[in-house]
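The values are calculated or read from the model by the stated rules, or taken from the named source; none is laboratory data. Just so you know, these numbers come straight off a predicted model, no measurement behind them. No Cβ is skipped: glycine too gets one built from the backbone with ideal geometry, and neighbour counts run over all protein chains shown. For the accessible areas, the whole protein counts, side chains as well, though only heavy atoms, and no ligand, DNA or RNA atoms are used. Shrake-Rupley method; radii C 1.70, N 1.55, O 1.52, S 1.80 Å.
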2 protein chains.
Amino acid sequence: MGISEQYFPNEPTAPVVATTEFPGPKSQESIAALNKVFDSRASYFVADYEKSLGNYIADVDGNMYLDVYAQIASIALGYNNPALIEVAKSDLMTRAIVDRPAMGNFPSKDLEGIASEILKVAPKGQDKLWSGLSGADANELAFKAAFMWYQGKKRGYTTEFTDAENESVMKNQAPGSPELAILSFKRAFHGRLFASGSATCSKPIHKLDFPSFNWPKAEYPEYKYPLSENEAYNKEEDKRCLTIVEDIFKSWAIPIAALLVEPIQSEGGDNHGSAEFFQGLRDITLKYGAALIIDEVQTGVGATGKFWAHEHFNITPAPDFVTFSKKFQSAGYFFHDSEIVPKHTYRQFNTWCGDPARMILAGAIGSEVTKHDLAARAQEVGAYLFAKLEALQSKYPKLMKNLRGKNRATFIAWSFEEPSLRNKFLADMKTVGVNIGGCAEDSVRLRPTLVFEEKHADILAAAIEKIYSSY
Amino acid sequence: MGISEQYFPNEPTAPVVATTEFPGPKSQESIAALNKVFDSRASYFVADYEKSLGNYIADVDGNMYLDVYAQIASIALGYNNPALIEVAKSDLMTRAIVDRPAMGNFPSKDLEGIASEILKVAPKGQDKLWSGLSGADANELAFKAAFMWYQGKKRGYTTEFTDAENESVMKNQAPGSPELAILSFKRAFHGRLFASGSATCSKPIHKLDFPSFNWPKAEYPEYKYPLSENEAYNKEEDKRCLTIVEDIFKSWAIPIAALLVEPIQSEGGDNHGSAEFFQGLRDITLKYGAALIIDEVQTGVGATGKFWAHEHFNITPAPDFVTFSKKFQSAGYFFHDSEIVPKHTYRQFNTWCGDPARMILAGAIGSEVTKHDLAARAQEVGAYLFAKLEALQSKYPKLMKNLRGKNRATFIAWSFEEPSLRNKFLADMKTVGVNIGGCAEDSVRLRPTLVFEEKHADILAAAIEKIYSSY
């Protein structure tokens, strides 16, 4: 019995298409009512989570979609997963909800267990964590830690702050508030707050009208596909990009405290980098004394066939920070160097320091993924799906360019020749009962749950072919 | 029967002091173990939330403290409140926990009801909300909205972006990423992310080593107490500070899109401003075309005798934004101007757009506060407590300077002549079973729950006197 049947004996066996327009009439009505109090204009439809189950999401019009977008890649174990419902109804969870602690000042006796459960699935080489509330928050907390670490190295870890630092910082001026940069990449997405937004570089709409930090952007490889037929070209592409990274370290006017990178640029187009590229980045950060922050917000928690995507690369020594959120439900960063924790308390601090309710859920998700070996299972299902998509690609080469994500489980994407056609495809997939998402301007990204199996892959591939055959 | 007896028939009748050192030996052991995985060095003690009830927080050593700090002012209705436990165990909550939606794309059919429940307690004049995850996040989301609104006024609300804007923003450069400022105040606290941190100005330790925006700081009034004996002086102080605010608007090199202010500066020392001061701020923002953001993160949800503290001031027209978090458990901002919602979608957006679990709790807290009229009740209890503290002040004038917060319910503070004595006082209060917090360098802030009553005030006042009489 497959994992989806184990969790969801009543999961639908096929999508249900109940309307001819999307969003359907009831969704439209509901979206308009909601919009009076909460901006709902970006709604695909209004969901009925009571009726959603496993890989299927229900809307208020009676549609039941196979969901390969999964809340922008943030549902790990399917809708209404019974193991998570049990956790959600536990007394431990109830206390975390109603007695939300200021975890830095008044940690619960439960916290060590909760944090340790999360650390059981920490990336190789990482043994501590700090907790936040979203992907953007996780990255910005890591920035703060990296800046303190970087300045601490210069000042001396145990050296006290000078009067000049204490006074100037209150005016937002150096030396207390120094100019320091985070180096990220073109097409990167790291969040939409002001510092994370300064590192983000995928679409103007994320950033327009916001002040930002003068932080540099390097180039992320643009490989040719299939990888097996373009090895020499792609190797040169790695070199070209690594040279740009090193040039920026040498020349940028502001000292670079950390390099921030996604194992696969997700929102920016499912752009891949090789193990050699990532080892090259690690080497450069070591050479220039900068921290390496791996942003696993979208790639983490099994979807690429390993629990953390960068584990495919065996980066040595391990990254200084690995940030997480989305499918883990809880957000924050892993680290291992004890000097990442600044000497003075109350520097990496805020009222809540995370959310224990979401941390409990993260532990439970990690435990289920491990128990059922769902990362390895995703690798199998992904291989099965990838072969089906390759067959479709042979048949419809213009509708499926740069098919990518081989050996990255179900973390698969492809591109269209025109953004308008990509958008039409995403919309048309609703008519055959599939909820699917895009990335960049012209690409489709698959982000199913970890309980997506071969039978779901069959439905997805058939639905794609049905739409493609109509074009 | 008082509200605490209604909710907590088994609430302790007095603190229990079980150890001679604080944190006690079991807390110390537990803090050390926790510190291996999660920075726990700022822990006061390790709490046992299972045993905590109402106004009392238990630690793992068997101490049971009367809690007038309440998780840095973020517990509204006491520990293990039965009304909130019922909500936490509801199916609505379970779904919000296990099926966390990307609320901007796939809102739940429950969301309109959840948001509407929150809006029932919105400040006068506000009828829409946007949702975030913490106080810092709430403020930064409001900054983003204010920047879009400010630039939209200049550009034209429906005018499209220029090519120059779309291109420059990807390099973090103007005109797409313009230099814009938020004006806040010295001694203000608005959070610790990079933009909120740039607006924060209470202690160097919050900000050291972080790059920041070049944003100005005005002066917040420093009144003489008691207010009734210093009316003329304090009126002049308002004028002095308003002049500085207006001078900054006239002279700051970067355009100021919004003025950000706390109704009572909390972390920065419980500094109060008059209704006239706040109306003056409103008038200046209107004159210079800037938004007014009232930060109610710490002051909101009844603790000052009104649901929102700025409702004491009758600011006209109503503020453009009111941010919330802490005791409301959910974070975000209220607003009313429909042009605060930008014309283009996906500008105020992120994966989760808040947390429905915490929003459900906010609605329930609002409903309980309203049903039991707990803001008015806090006003009564605060008056009772203030009189007791005035009596103590007469007896120990050197240990209780600038007693403040009269007519602001239990939102009461006072100062010591020396930070070291303040710190000793906070620590000594543990020995008589009271958990109490400080603000600024030399002040004590009371932040009890809304179920804090006269009988608790008696215990608190007696405990203070016991410590004072030993000095």
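Between copies, the label points of A:Ala174, set 7 Å from Cα on the Cα→Cβ line, lie 2.1 nm apart, reported in increasing order to one decimal in nanometres.
Residues whose amide H comes within less than 5 Å of that of B:Ala218, counting only those at least five positions distant or on another chain, are B:Ser184, B:Phe185, B:Lys186 (H built at 1.01 Å from N in the peptide plane). In segment B:198-240, the portion of solvent-accessible area held by carbon and sulfur atoms comes to 49 percent [1.4 Å probe, whole percent, DNA, RNA and ligands not counted]. On the beta carbon distance between B:Asn214 and B:Ala387, with R0 = 41 Å, the FRET formula returns roughly 0.30. Distance to the B-onto-A rotation axis is smallest for one chain B Cβ; residue and value in angstrom are B:Leu133, 2. I'd like the carbon and sulfur percentage of the solvent accessible area for segment B:331-468, probe radius 1.4 Å, heavy atoms only, ligands and nucleic acids excluded. Of all accessible area on segment B:331-468, carbon and sulfur atoms account for 52 percent.
With a 1.4 Å probe rolled over the protein heavy atoms of all chains, the accessible area of A:Tyr384, B:Tyr225 falls in the order A:Tyr384, B:Tyr225, largest first.
Report the extension gain between A:Ser420 and A:Ile254 in nm, rounded to one decimal, defined as 0.36 nm multiplied by the number of residues separating them, less their alpha carbon distance. Kindly include the intermediate steps, with their values, before the conclusion.
Values: separation 166, 0.36 × 166 = 59.76 nm, distance 3.99 nm.
Using 0.36 nm per residue and subtracting the Cα-Cα distance, I get 55.8 nm.
A cut-off of 5 Å between modelled amide H atoms, ignoring neighbours fewer than 5 places along the same chain, links B:Lys128 with B:Phe335.
Explain nothing, just the number: dipole magnitude of chain A about its Cα centre with +1 on each Lys and Arg Cβ and -1 on each Asp and Glu Cβ, in debye rounded to the nearest 20.
So the magnitude is around 400 debye.
When the surface is traced with a 1.4 Å probe over the full set of protein chains, A:Tyr233 keeps roughly 100 Å² accessible. Note on B:171-183: average number of Cβ atoms from other chains within 10 Å of each residue's Cβ is 4. Accessible surface for chain B, divided over its residues, is 33 Å² per residue with a 1.4 Å probe.
Ordering of B:239-249, B:373-383 by packing is B:373-383, B:239-249, highest average first (other Cβ atoms within 10 Å, averaged per residue).
With r defined as the distance between the Cβ atoms of B:Ala18 and B:Lys466 and R0 fixed at 22 Å, what FRET efficiency is calculated, to the nearest 0.05? Kindly include the intermediate steps, with their values, before the conclusion.
Details: r = 17 Å, r/R0 = 0.79.
Rounded to the nearest 0.05, the efficiency is 0.80.
A loss of 10 Å² or more of accessible area (1.4 Å probe, protein heavy atoms, ligands and nucleic acids excluded) relative to the isolated chain is seen in these residues of segment A:356-381: A:Arg358, A:Leu361. Taking a label point 7 Å from the Cα of A:Lys224 along the Cα→Cβ vector, which residues of segment A:393-425 have an amide N closer than 14 Å to it? Counting backbone N atoms under 14 Å from the label point, the list is A:402. Annotation: amide H of B:Asp373 has no partner in the under-5 Å range at sequence separation 5 or more or interchain, hydrogens built in the peptide plane. Across segment B:362-377, computed HN-Hα scalar couplings (Karplus, 6.51 cos²θ - 1.76 cosθ + 1.60, θ = phi - 60°) run 4, x, 5, 5, x, 5, 5, 4, 5, 4, 9, 6, 6, 5, 5, 5 Hz from first to last residue, x flagging Gly and Pro. Legend: calculated FRET efficiency, B:Glu339 to B:Glu441, from the Cβ-Cβ distance at R0 = 45 Å, rounded to 0.05, equals 0.60. Each of A:Asn10 and A:Lys153 was given a label point 7 Å from its Cα along the Cα-to-Cβ line. The distance between the two points is 5.6 nm. Inter-copy label distances at B:Lys395, using a point 7 Å along Cα-to-Cβ, come to 8.8 nm with the shortest given first.
Rounded to the nearest 5, what is the percent of antiparallel bridges among the DSSP beta bridges in the protein assembly as shown? Please list the in-between numbers first.
Values: 52 of 82 bridges.
Here the antiparallel bridges make up roughly 65 percent for the protein assembly as shown.
Just checking the output field for B:342-350: average partner chain Cβ neighbours within 10 Å of each residue's Cβ? Before the final figure, lay out the partial values.
Working: counts 4, 1, 3, 6, 6, 9, 3, 6, 10.
Taking all residues of B:342-350 together, the mean is 5.
Inter-copy label distances for B:Ser90: 2.4 nm (label point placed 7 Å from Cα along Cα→Cβ; shortest first).
Could you work out, residue by residue across B:79-90, how many beta carbons of other chains sit within 10 Å of that residue's beta carbon, and then give the average as an integer?
For peptide B:79-90, the averaged partner shielding equals 4.
Computed from phi, the 3J(HN,Hα) profile of segment A:288-303 under the Karplus parametrisation 6.51, -1.76, 1.60 (θ = phi - 60°) reads 9, x, 9, 7, 10, 10, 9, 8, 9, 4, 9, 8, x, 6, x, 5 Hz, with x in place of Gly and Pro.
Across the options B:Val169, B:Leu66, B:Val341, the greatest Cα extent toward the positive end of the charge dipole of chain B (unit charges at beta carbon of Lys, Arg, Asp, Glu) belongs to B:Val169.
To the nearest 20 Debye, how big is the dipole of segment A:91-371 about its Cα centre, given +1 on the beta carbon of each Lys and Arg and -1 on that of each Asp and Glu? Present the calculation step by step, with values, prior to reporting the outcome.
Numbers: 31 positive and 36 negative charges, 43 e Å.
Its charge dipole is roughly 200 debye.
Karplus-based coupling profile of segment A:175-191, in residue order and whole Hz: x, x, 10, x, 7, 9, 10, 10, 8, 10, 10, 4, 6, 6, 10, 10, x, with θ = phi - 60° in 6.51 cos²θ - 1.76 cosθ + 1.60 and x standing for Gly or Pro.
DSSP bridge analysis restricted to chain B gives an antiparallel fraction near 65%, rounded to the nearest 5.
What's the buried accessible area, both sides, between B and A using a 1.4 Å probe, rounded to 100 Å²? Write down the numbers at each step before the final one.
Details: alone 21170 and 21170 Å², together 31350 Å².
Interface area, both chains combined: 11000 Å², rounded to the nearest 100.
Relative protection proxy for B:318-325, B:199-206, B:281-288, from highest mean packing down: B:318-325, B:199-206, B:281-288 (other beta-carbon atoms within 10 angstrom).
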